[in-house]
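Structure first, commentary second.
No lab work stands behind these numbers, since they all come straight from the coordinates. Quick caveat: nothing in here was measured; it's all calculated off a predicted structure. Backbone-built Cβ (ideal geometry, glycine too); neighbour counts: all protein chains shown.
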Amino acid sequence: MTTKAATASRRVFLKQSSALLVMGLLWGPAVEPNPGGKMKKGKRIQLPEAGPMIPPVPAILLTVNGKTGGPDEISVVWTFVVEGKPPQIGISVHKQQVANELIKTHGEFVLNLPVADMVIAFDRVDMSSSRVGDKFKLSGLTRGKAIKVNAPTVEESPIQVECKVFNTIEVPPARTLFLAEVVATTIHVGVCDDKGRLMVDNVPFFGMTAGSGEFYTMGKRVGNIGMTKNRTDIKY
Ligand SMILES: Cc1cc2nc3c(=O)[nH]c(=O)nc-3n(C[C@H](O)[C@H](O)[C@H](O)COP(=O)(O)O)c2cc1C
């Protein structure tokens, strides 16, 4: 998809969302987190359009080698955890994205987690295409080199997850699902404590809402896995 075409389709998307904005305004004030408090059932309505509406999901900068003589690719993807041990992740990449063919060619890529002060560069990556230029130059992000896979990285990212594809599934009408093993994870000092726990409060990671395309940093911690069993030792 060219930059112009991508921008045009994004406009349609926003127009469709305006009805939801009006519904949001009618819905009433925001709800404060109340962990362990009285659970509310609330009045339920059906939205005019079905969609994968979910709260902010970390948006990620994927880097992969380019074609011989062409620019390396930075693309934006969502990801999901397939398995913790062995560490496996999945991404779904549209066939029109430059990254689709490049991941099939090289079989290796890096997921670079962005933070809030990278949000302008992040949007430039999303709104530009490697078909018209080098996205490292367009975004001002710094190209680095992965340690275990043959792929570029984004040096500003506090977390880099290096991946090797082990399965590829074509999903009609236009997506490819890549399942990949995580072979190395590198972090900036200060991102994790000495037990390897991610200190989300210290780093302004952000995600995008599915359905309305807004970027938010993460909210307050409201609990942990195993809290109902008084456990803090579980890692997943
Ligand atoms: C938050 C966010 C998540 C995205 N996730 C995906 C995704 O999972 N798969 C995909 O194919 N495109 C996704 N996109 C869109 C593209 O990655 C993006 O437009 C791409 O950088 C286009 O570059 P290209 O023309 O060089 O391929 C996402 C965009 C945003 C803003």
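Could you work out the relative contact order of the chain, using alpha carbon pairs under 8 angstrom and six or more residues apart, expressed as a whole percent?
21 percent
Near Lys137, which lysines are there with a Cα under 22 Å away, not counting those fewer than 8 places off in the same chain?
Here the lysines satisfying the reach criterion relative to Lys137 are Lys4, Lys67, Lys145.
So who's got an amide H within less than 5 Å of the one on Ala146, skipping anything under 5 residues away but keeping other chains? H placed 1.01 Å off N, in plane.
Ala151, Thr153
Taking the Cα-to-Cβ direction at Asn202 and at Val57 and moving 7 Å from each Cα, how far apart do the two end points lie in nm?
Reported label-point gap for Asn202 and Val57 is 2.9 nm.
Under a crude label model (7 Å from the Cα following the beta-carbon direction), how far is Met227 from Leu47 in nanometres?
Taking the simple label geometry, Met227 and Leu47 are separated by 2.6 nm.
Which shape class, rounded, prolate or oblate, goes with the chain when its Cα gyration tensor gives a ≥ b ≥ c as root eigenvalues, a/c under 1.5 marks rounded, and past that a/b bigger than b/c marks prolate?
Cα axes put the chain in the oblate bin.
Please list the non-local residues whose amide H lies under 5 Å from the amide H of Ala210, H modeled 1.01 Å from N, same-chain partners needing a gap of 5 or more.
Ile54, Val57
Over the chain, with a Gaussian network built from C-alpha contacts below 10 Å, which listed residue (Val200, Val149, Val182) shows the highest mean-square fluctuation?
Checking each option, the largest mean-square fluctuation is seen for Val200.
Quick one: check the C-alpha center-to-center distance for the range 130-171 versus the range 93-118, whole angstrom.
Centre-to-centre distance over Cα atoms comes out at 6 Å.
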